[in-house]
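Chemist: Structure below; questions to follow.
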């Protein structure tokens with residue numbers, strides 16, 4: 001074949017194919033580049049939302065109040081949209097147009113979650129006629145609001161037992177309903193396997209718990225920085241100074257508590273009360289006939305067992321066809337009930353996943369009715385659900401943006417590891433005799449003989465007014481260990497239980513601090529001290 005013929009073949013056949021492939025590969029690369037860029041922008045906006053929520057709640061003395069928390073969430077959502085607009089500004093998107101591509105922002109909290117979503121106000125004509133002309137609500141307008149709080153709950157029926165169990169990010173549960181005798185019950189507390197009482201001393205995992213503690217921290221009181229004894233009860237800190245017990249407003253003003261005494265503050269037995277509550281809950285579960293309750297006893301809102309639903313139902317066999325005893329690990333076994341590898345934890349995770357997925361699917365479907373784009377509920381990975389269960393988090397969704405050869409459909413999850421309402425196992429920092437605080441897995445703690453545990457947010461800076469000037473201080477004055485706090489290295493390659501089983505002194509300080517802080521966080525139920 002002549003050279004001219006080969007040239008003609010190349011020009012007519014090979015070159016067009018090469019150009020098409022080049023264009024195809026270029027389009028794919030551009031799409032992939034935009035996908036990665038949009039993922040990063042969404043993550044950054046979500047991170048900003050978490051930081052805003054974190055700062056507002058940590059530095060507010062009212063963050064446990066529902067109205068205050070809703071304001072904090074609204075401020076966090078505003079930060080998210082503002083950050084999203086800033087990140088997408090070069091792409092030509094304005095904040096009002098971006099609202100059309102965000103079907104939901106989810107705030108997963110300690111025992112439930114909020115969903116912020118735009119939706120159409122479907123007021124019927126009769127209701128619309130009755131509305132005042134000055135009302136802000138109009139028929140068929142788009143409204144952006146926080147949906148009502150949804151608990152991580154599931155209902156169970158077994159004989160005369162008919163209860164609703166509300167789960168949390170740790171082993172705390174609330175049980176309401178009717179027991180095996182048909183009597184109404186209202187139980188709550190932490191589920192722990194290995195708790196014992198010997199005289200007036202409680203033991204957990206064969207480690208003695210400090211019966212009484214005296215804790216001190218720095219605080220600005222009416223314009224003066226002081227180091228005072230304190231105790232936290234139901235999320236509120238109480239201080240003792242010069243014969244008075246008082247709480248503080250956000251402005252540092254004293255509110256005297258006449259029904260409390262000095263010994264109530266300086267003899268802090270919250271850790272013992274935590275284990276006492278756990279022991280009482282275990283006994284109550286057994287005495288009320290709940291110890292044999294199984295996962296297959298779960299029912300939906302209509303009282304129908306999930307395993308009995310018709311074939312084709314999406315929730316059929318939701319919690320498995322083989323019944324697993326929900327509270328069986330309270331009495332021992334391979335795993336403790338509070339461990340992440342227990343059957344209780346696995347079932348709790350199923351309840352949390354089902355609740356969030358179901359309500360999110362409804363929200364996104366309703367949002368879809370207001371748009372020409374077909375929004376869909378993404379499938380979160382198991383590792384992402386584990387991330388959500390480790391601490392409070394914010395989940396954001398962004399869908400419908402054109403990124404070349406496909407439509408962008410992304411989501412982002414950012415964990416809030418410093419908050420007032422959940423005390424994770426990693427949020428207890430240990431202070432050593434050299435006035436340095438460490439993470440619990442820090443190798444520097446191996447030979448520690450004099451340690452004290454505190455909540456990680458107590459090492460965050462706070463602001464107060466002294467002589468009309470804003471001053472910043474730290475409730476706990478200890479310095480952070482460079483390795484475990486700043487650099488996150490020098491950590492032991494062991495599980496927490498392995499670390500604590502080899503050091504009784506460290507275990508006593510850690511278990512006492514964890515119990516004290518968990519017992520002291522805000523609860524709706526009335527607490528004693």
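Chemist: Applying the selection to region 231-269, what residues are on the phi > 0 side of the Ramachandran plot and in contact (Cβ under 8 Å) with a residue 60 or more places away in the chain? Steps first, answer last, please.
Modeler: Our first condition is that a residue be on the phi > 0 side of the Ramachandran plot; within region 231-269, this holds for 234-235, 242-243, 252.
Scanning region 231-269 gives 234, 235, 252.
Chemist: Give me the residue from region 287-299 that is in a helix (DSSP H, G or I) and in contact (Cβ under 8 Å) with a residue 40 or more places away in the chain and, out of that set, surrounded by the fewest Cβ atoms within 10 Å (Cβ to Cβ).
Modeler: First, the residues of region 287-299 that are in a helix (DSSP H, G or I): 287, 295-297.
Now narrow it down to the ones that are in contact (Cβ under 8 Å) with a residue 40 or more places away in the chain: 295, 297.
Details: 295: 24, 297: 22.
Taking the candidates together, the pick is 297.
Chemist: Quick check, is residue 413 at pLDDT 95 or above, closer than 21 Å to residue 56 by Cα and within 20 Å of the chain's Cα centre (by Cα)?
Modeler: Values: at pLDDT 95 or above: yes; closer than 21 Å to residue 56 by Cα: yes; within 20 Å of the chain's Cα centre (by Cα): yes.
Yes, satisfied.
Chemist: I've got another one for you. Out of 328, 323, 312, which single residue is without any contact (Cβ under 8 Å) to a residue 40 or more places away in the chain, touching a helix residue (DSSP H, G or I) at 6+ places or on another chain (Cβ under 6 Å) and surrounded by fewer than 19 Cβ atoms within 10 Å (Cβ to Cβ)? Give the steps one after another, and end with the answer.
Modeler: Working: 328 fails: touching a helix residue (DSSP H, G or I) at 6+ places or on another chain (Cβ under 6 Å); 312 fails: touching a helix residue (DSSP H, G or I) at 6+ places or on another chain (Cβ under 6 Å).
Going through 328, 323, 312 in turn, just one is without any contact (Cβ under 8 Å) to a residue 40 or more places away in the chain, touching a helix residue (DSSP H, G or I) at 6+ places or on another chain (Cβ under 6 Å) and surrounded by fewer than 19 Cβ atoms within 10 Å (Cβ to Cβ): 323.
Chemist: Something else about it: Of the residues in region 365-405, how many are part of a loop (DSSP other than H, G, I, E, B) and modelled with pLDDT under 85?
Modeler: Here is the first cut: in region 365-405, the ones part of a loop (DSSP other than H, G, I, E, B) are 369-381, 391, 403-405.
In the following step, the residues that additionally are modelled with pLDDT under 85 were identified as 369-378, 403-405.
Residues flagged as part of a loop (DSSP other than H, G, I, E, B) and modelled with pLDDT under 85 within region 365-405 amount to 13.
Chemist: For region 254-271, name all the residues that are touching a helix residue (DSSP H, G or I) at 6+ places or on another chain (Cβ under 8 Å) and in a helix (DSSP H, G or I). Even if it seems obvious, please write down each step before you answer.
Modeler: The initial filter retains those residues of region 254-271 that are touching a helix residue (DSSP H, G or I) at 6+ places or on another chain (Cβ under 8 Å), namely 268, 270-271.
Selection gives 270, 271.
Chemist: I would also like to ask the following. Considering 437, 472, 510, 408, which residue is touching a residue at least 24 places away in the same chain (Cβ under 8 Å), within 30 Å of residue 250 (Cβ to Cβ) and outside any loop (DSSP other than H, G, I, E, B)?
Modeler: Working: 472 fails: touching a residue at least 24 places away in the same chain (Cβ under 8 Å); 510 fails: within 30 Å of residue 250 (Cβ to Cβ); 408 fails: within 30 Å of residue 250 (Cβ to Cβ).
None of the others qualify; the one that does is 437.
Chemist: Next up: For residue 232, state whether it is assigned to a strand (DSSP E or B), surrounded by 15 or more Cβ atoms within 10 Å (Cβ to Cβ) and in contact with a helix residue (DSSP H, G or I) (Cβ under 7 Å, 6 or more places away or on another chain).
Modeler: Details: assigned to a strand (DSSP E or B): yes; surrounded by 15 or more Cβ atoms within 10 Å (Cβ to Cβ): yes; in contact with a helix residue (DSSP H, G or I) (Cβ under 7 Å, 6 or more places away or on another chain): yes.
Yes.
Chemist: If you take the residues of region 440-464 that are more than 22 Å from residue 216 (Cβ to Cβ) and not in a helix (DSSP H, G or I), which of them is farthest from the chain's Cα centre (by Cα)?
Modeler: Checked region 440-464; the qualifying residue farthest from the chain's Cα centre (by Cα) is 447.
Chemist: Let me ask you something else. When only residues in region 463-478 that are within 19 Å of residue 419 (Cα to Cα) and touching a strand residue (DSSP E or B) at 6+ places or on another chain (Cβ under 6 Å) count, which is surrounded by the most Cβ atoms within 10 Å (Cβ to Cβ)?
Modeler: In the first step, residues of region 463-478 are kept if they are within 19 Å of residue 419 (Cα to Cα); the result is 463, 473-476.
Filter once more, keeping what is touching a strand residue (DSSP E or B) at 6+ places or on another chain (Cβ under 6 Å): 463, 473, 475-476.
Working: 463: 11, 473: 15, 475: 19, 476: 21.
Only one residue tops the list, namely 476.
Chemist: Test of understanding: among 429, 454, 529, which residue is in contact with a helix residue (DSSP H, G or I) (Cβ under 6 Å, 6 or more places away or on another chain) and either more than 29 Å from residue 107 (Cα to Cα) or at pLDDT 90 or above (or both)? Full working, then the answer.
Modeler: Details: 454 fails: in contact with a helix residue (DSSP H, G or I) (Cβ under 6 Å, 6 or more places away or on another chain); 529 fails: in contact with a helix residue (DSSP H, G or I) (Cβ under 6 Å, 6 or more places away or on another chain).
After ruling out the rest, the residue left standing is 429.
Chemist: Out of 63, 76, 68, I need the residue that is closer than 30 Å to residue 459 by Cα, modelled with pLDDT of 60 or more and out of contact with any strand residue (DSSP E or B) (no Cβ under 9 Å at 6 or more places or on another chain). Which one?
Modeler: On the way: 63 fails: modelled with pLDDT of 60 or more; 76 fails: out of contact with any strand residue (DSSP E or B) (no Cβ under 9 Å at 6 or more places or on another chain).
Residue meeting the stated conditions: 68.
Chemist: Continuing with this model, one more query. Select, from 218, 145, the only residue that is at pLDDT 95 or above, assigned to a strand (DSSP E or B), more than 28 Å from residue 336 (Cβ to Cβ) and in contact with a strand residue (DSSP E or B) (Cβ under 9 Å, 6 or more places away or on another chain).
Modeler: 218
Chemist: State which residue is surrounded by the fewest Cβ atoms within 10 Å (Cβ to Cβ) when the search covers only region 237-276 and only residues that are under 25 Å from the mean Cα position of the chain (by Cα) and over 27 Å from residue 195 (Cα atoms).
Modeler: Filtering region 237-276 down to residues under 25 Å from the mean Cα position of the chain (by Cα) leaves 237, 250, 270-271, 273-275.
Now restrict to residues that are over 27 Å from residue 195 (Cα atoms): 237, 250.
Details: 237: 19, 250: 10.
Ranking the qualifying residues of region 237-276, first place goes to 250.
Chemist: Restricting attention to region 484-507, and to residues there that are in contact with a helix residue (DSSP H, G or I) (Cβ under 6 Å, 6 or more places away or on another chain) and part of a loop (DSSP other than H, G, I, E, B), which single residue is surrounded by the fewest Cβ atoms within 10 Å (Cβ to Cβ)?
Modeler: 489
Residues checked against (1) modelled with pLDDT of 90 or more; (2) under 30 Å from residue 398 (Cα atoms); (3) not assigned by TED's automatic domain parsing to the domain that holds residue 522:
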| site | (1), (2), (3) |
| --- | --- |
| 111 | yes, yes, yes |
| 122 | no, yes, yes |
| 132 | no, no, yes |
| 163 | yes, no, yes |
| 184 | yes, no, yes |
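Chemist: In the list 169, 192, 215, which residue meets the criterion of being surrounded by 19 or more Cβ atoms within 10 Å (Cβ to Cβ), under 30 Å from residue 118 (Cβ atoms) and outside the structural domain of residue 496 (by TED's automatic domain parsing)?
Modeler: Numbers: 192 fails: under 30 Å from residue 118 (Cβ atoms); 215 fails: under 30 Å from residue 118 (Cβ atoms).
Testing whether each residue is surrounded by 19 or more Cβ atoms within 10 Å (Cβ to Cβ), under 30 Å from residue 118 (Cβ atoms) and outside the structural domain of residue 496 (by TED's automatic domain parsing) leaves just 169.
The values are calculated or read from the model by the stated rules, or taken from the named source; none is laboratory data. These figures come from a predicted structure and were not determined experimentally. Methodologically, a virtual Cβ is constructed for each residue, glycine included, from the backbone with ideal geometry; neighbour enumeration extends over all protein chains shown.
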